[in-house]
Amino acid sequence: MNFPSKIKLSITPLSQWFPSTDKPLTIFGPCSAESEKQLIDTAKSISKNFPNNIFRAGIWKPRTRPNSFEGVGSVGLQWLKKVKQETGMLVATEVANAHHIDECLKAGIDVLWLGARTTGNPFSVQEIADALVGVDIPVFVKNPLNPDLQLWLGALERINDAGITKIGAIHRGFHSTEKTNFRYSPKWELVIALKTIIPELPIVCDPSHICGNTEMLENISQKALDLAMDGLMLETHISPKQALSDAHQQITPEKLFEIFSNLTIRKTFSENVIFKSQLEMLRDLIDRADEELLQVVSKRMSIVQKIGEYKKENNVTILQIKRWEEILRNQLQTGNNLALSSDFIKHLYLLIHDESIRLQTGVMNEKKQEV
Ligand code: PEP
Ligand code: MN
């Protein structure tokens, strides 16, 4: 991945979006609105412990196959209005086209989000952006299903270009071909890249869609908070087993409270003098270790260069598969003894080997030009 360069969006700081939400921001509520009773019962139960929650519920549901539950449609907006009147919570729903925006604005919905399938389609995103011109409403953009940071950035830019400055991202995990325990792989590195590109962008994590089950929700929520994410979206249903969509990943309001109470909410920094001086000392050690690391890498690469010349003189190919396998095997062993993960060693050595091949190819070409 290239080192990401910054993008400047015009963003209202999250602290100014709502008069009374908590930090971290909470967006709890069912995957879908199913009936007025299900919605009101869920909302009342959540608001007992989270009065400043933003209540979420999908009204129009993008489903993979037709003839599964595709949401209750606009009638659900009236139920959300009632939730707002009866609990005082702000209400949020997913929009996928200009008609949805119209309906939500008419019903007084407080917060909108674009779903993963919509973010992946620039035509839909542009249609939504056009419908939002002149409107002042917070909008969250979920990541696209594919781990494509550019698509995510593009959607954020389109919505921001329409004049929406209360704009945030939702990390809901990515489709992956690798076998993982997640429904959608978190690929945290993409979220860190997004934060590096747009540091002022609020990012909420949606552990429900990442996990696809209820067992890992606490773990992923904690990880998101430890990565300084600004809020959590957790699907909560008064009776999860009966849910018409995403039943496996929804929790009861009681379970939600239990999970949330177990989370440690950390500050982004501490002004404590001892903390600051200790941190400075440790960072100094890191800087020195990094310098030593690069000295060693540089030494390795000059040996690689010599090997390249030697192979050329003896008319031997650059790539020596057996030797490469032996290096990887040995270094995996050494890494394990040094408590470094095998995954990390593999990544590191793929990079080192790639660079070694590049240098040796350079040596071969140089000599060819001299001839
Ligand atoms: C949802 O939030 O219920 C939803 C459909 O999410 P996603 O777009 O992340 O699949
Ligand atoms: Mn869902």
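Each reported figure results from applying straightforward, stated rules to the coordinates on display, with no laboratory input. In this text, all values refer to a predicted model and were calculated from it rather than measured experimentally. Ideal geometry is used to build each Cβ from the backbone, glycine not excepted, and the neighbour counts take in all protein chains shown.
At R0 = 56 Å, how high is the FRET efficiency between Gln126 and Glu292 if r is their beta carbon distance? Nearest 0.05 is fine. Result of the calculation: an efficiency of 0.65.
The dipole here belongs to segment 197-325: it is taken about the Cα centre, uses +1 on the Cβ of Lys and Arg and -1 on the Cβ of Asp and Glu, and is about 760 debye. Calculated FRET efficiency, Ser239 to Arg63, Cβ-Cβ distance, R0 = 22 Å: about 0.60 to the nearest 0.05.
Give the order of Met216, Met89, Met229, Met301 when sorted by the count of other beta carbons within 10 angstrom, beginning with the fewest. Walk me through the intermediate numbers first.
Values: Met216 17, Met89 25, Met229 22, Met301 14.
Ranked by crowding around the Cβ, least crowded first: Met301, Met216, Met229, Met89.
Can you put Thr317, Thr118 in order, fewest other beta carbons within 10 Å first? The partial results should precede the final answer.
On the way: Thr317 9, Thr118 24.
So the residues, fewest neighbours to most, are Thr317, Thr118.
Let me have the relative contact order for the chain, percent, based on Cα pairs under 8 Å that are six or more residues apart. Contact order relative to length: 14 percent. Each Lys and Arg adds +1 at its Cβ and each Asp and Glu adds -1 at its Cβ; summed about the Cα centre, segment 273-365 shows a dipole of about 320 debye. Here the 3J(HN,Hα) profile of segment 233-238, calculated from phi with Karplus coefficients 6.51, -1.76 and 1.60 at θ = phi - 60°, is 10, 10, 6, 10, 9, 5 Hz, Gly and Pro shown as x. In whole angstrom, segment 14-262 maps to an equivalent ellipsoid with semi-axes of 23, 22, 18, each derived as √(5λ) from the alpha carbon gyration tensor and ordered largest first. Taking Cα atoms, how many degrees apart are the long axis of helix 36-49 and the longest axis of the chain, rounded to 10 and kept between 0 and 90? That works out to roughly 70 degrees.
Which aspartates and glutamates have a Cα less than 20 Å from the Cα of Lys61, not counting those fewer than 8 places away in the same chain? Leaving aside aspartates and glutamates fewer than 8 places away in the same chain, those within reach of Lys61 are Glu34, Glu36, Glu70, Glu94, Asp102, Glu103, Asp110, Glu127, Asp206, Glu235, Asp246.
Exposure proxy ranking for Tyr349, Tyr184, based on other Cβ atoms within 10 angstrom of each Cβ and starting from the fewest, stands as Tyr349, Tyr184.
Which GluC sites (Glu not before Pro) in segment 178-252 sit in a loop by DSSP (not H, G, I, E or B) and have at most 11 other Cβ atoms within 10 Å of their own Cβ? Don't skip to the end; give the middle numbers.
Details: sites: Glu178, Glu189, Glu200, Glu215, Glu218, Glu235; in loops: Glu178, Glu200, Glu215.
Answer by residue number: Glu178, Glu215.
For the pair Leu285 and Glu70, label points projected 7 Å from Cα toward Cβ lie 6.0 nm apart.
Would you work out the relative contact order for segment 239-371, in percent, from Cα pairs under 8 angstrom that are 6 or more residues apart? Kindly include the intermediate steps, with their values, before the conclusion.
Working: 47 pairs, mean separation 30.9, N = 133.
Computed value for segment 239-371: 23 percent relative contact order.
To the nearest ten degrees, helix 122-131 and the longest principal axis of the Cα atoms of the chain are 40 degrees apart.
Could you give the size of the charge dipole of the chain about its Cα centre, using +1 on the Cβ of each K and R and -1 on the Cβ of each D and E, expressed in debye and rounded to the nearest 20? The partial results should precede the final answer.
Values: 43 positive and 44 negative charges, 107 e Å.
Approximately 520 debye in magnitude.
For Ser302 and Leu227, the difference between the fully extended length at 0.36 nm per residue and the C-alpha to C-alpha distance is 23.2 nm. Taking the Cα centre of segment 258-339 as the origin and placing charges on Cβ (Lys, Arg +1; Asp, Glu -1), which of Ala339, Ser261, Gln278 is farthest toward the positive end of the dipole? Among Ala339, Ser261, Gln278, the one farthest towards the positive end of the dipole of segment 258-339 is Ala339.
If you fit an axis through the alpha-carbon atoms of helix 149-161 and take the longest principal axis of the Cα set of the chain, what angle between them do you get, 0 to 90°, nearest 10? The angle comes out at about 40 degrees.
Each label was represented as a point 7 Å from its Cα along the Cα-to-Cβ direction; for Gln150 and Glu313 these points are 4.5 nm apart.
Among the aspartates and glutamates, select those whose C-alpha is under 13 Å from the C-alpha of Lys23, and discard any that sit fewer than 8 residues away in the same chain. Output for Lys23: Asp230.
What FRET efficiency would be calculated for the residue pair Leu348, Phe18, taking the C-beta separation as r and a Förster radius of 45 Å, to the nearest 0.05? Can you show the working numbers first?
Numbers: r = 44 Å, r/R0 = 0.97.
Step by step, r from the Cβ atoms, then E = 0.55.
The distance linking segment 310-371 with segment 92-168 is 46 Å (Cα centroid to Cα centroid, whole angstrom).
Phi-derived couplings, Karplus 6.51 cos²θ - 1.76 cosθ + 1.60 at θ = phi - 60°, listed residue by residue for segment 103-110: 4, 5, 5, 4, 7, x, 5, 8 Hz, with x used for Gly and Pro.
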